[in-house]
Amino acid sequence: MSTKSQLRLQLDLPASYDYGTWVRHAGVESACNRLALWSVHGGRLWLSSDVAAGKTHLLRSLASEQRTIALLDIQKAEGSTSWQLVQQWMTHLERHSMWLLDIPAGPMPVAVAHALFHTLERARDLQRSIVIAWRGDLDELPPELSSRLRAMDQALLHTPARDDELLMILRSGVSTLQWDIREQVLQAMLTYLPRQLDILMPALKELEQLSFEQKHKPGPAWVKQHLIRIASELQPR
């Protein structure tokens with residue numbers, strides 16, 4: 001008698017960026033309210049945070065709700081000049097009245113920084129409302145860009161202070177995985193790992209990957225072993 005086993009697809013499930021999976025807690029309440037006002041009245045807004053706090057999710061949720069808003073996911077764009085980047089971006093942005101620009105956290109390549117400055121100037125000339133989502137050090141930016149960001153309204157997102165809110169965010173992340181994850185696994189993650197989303201979310205995906213590679217149904221001992229290993233790898237050497 002043959003047995004059937006469920007095979008894992010070799011593709012990640014598409015991430016769900018909607019308000020149904022967005023966890024609105026005290027740390028993001030103010031920024032959410034400010035972004036809601038922006039979607040009605042417009043303006044120039046810089047959305048930031050001290051650590052990973054869900055800016056990308058929030059922007060995509062908003063863009064999916066309103067067709068008048070253009071969302072631009074800005075990557076490192078290696079090999080492109082600032083002028084080439086501006087031309088590429090404007091092809092996507094110019095026909096919309098409101099712009100959302102999502103920029104990877106950390107140091108910004110010089111070409112991207114200069115292109116962003118010119119895009120802000122173009123938004124002003126065309127009377128477009130704009131949101132910049134970026135987390136990084138202003139002092140490392142070209143002075144013309146850093147001065148523009150300082151002049152914008154700023155809204156800060158913060159990570160949850162309570163475990164129940166962190167667990168809600170982890171549960172929303174589970175929806176993109178192909179793994180039947182029990183609540184005890186999520187609880188264990190908060191026990192053995194720092195309570196930081198940029199650590200917890202990749203760790204969740206790593207556990208899923210290992211469970212399929214090892215064909216191992218994750219029990220408490222297995223989960224604990226790998227979480228302790230992940231935590232040790234985070235320690236500075």
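At a glance:
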read-out	value
Within the stretch 27-46, tally of residues that are of a type in the set (A, V, I, L, M) and touching an Asp or Glu at 6+ places or on another chain (Cβ under 9 Å)	1
Out of 54, 106, sole residue that is touching a residue at least 12 places away in the same chain (Cβ under 8 Å), surrounded by 15 or more Cβ atoms within 10 Å (Cβ to Cβ) and on the phi > 0 side of the Ramachandran plot	54
Yes/no for residue 175 being loosely packed, with under 14 Cβ neighbours inside 10 Å and modelled with pLDDT of 85 or more	no
Where residue 127 falls short, out of the listed (1) on the phi > 0 side of the Ramachandran plot; (2) crowded, with 20+ Cβ neighbours inside 10 Å	(2)
Candidates 141, 167, 156, filtered to the one that is of a type outside the set (Lys, Arg), surrounded by 13 or more Cβ atoms within 10 Å (Cβ to Cβ) and under 24 Å from residue 70 (Cα atoms)	156
Count of residues meeting criterion [touching a strand residue (DSSP E or B) at 6+ places or on another chain (Cβ under 8 Å), within 30 Å of residue 187 (Cα to Cα) and part of a helix (DSSP H, G or I)] in the stretch 145-176	0
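The values are calculated or read from the model by the stated rules, or taken from the named source; none is laboratory data. Predicted model only: the values in this text are computed from it and were never measured. Please note: Cβ atoms are built from the backbone with ideal geometry, for glycine as well, and neighbour counts cover all protein chains shown.
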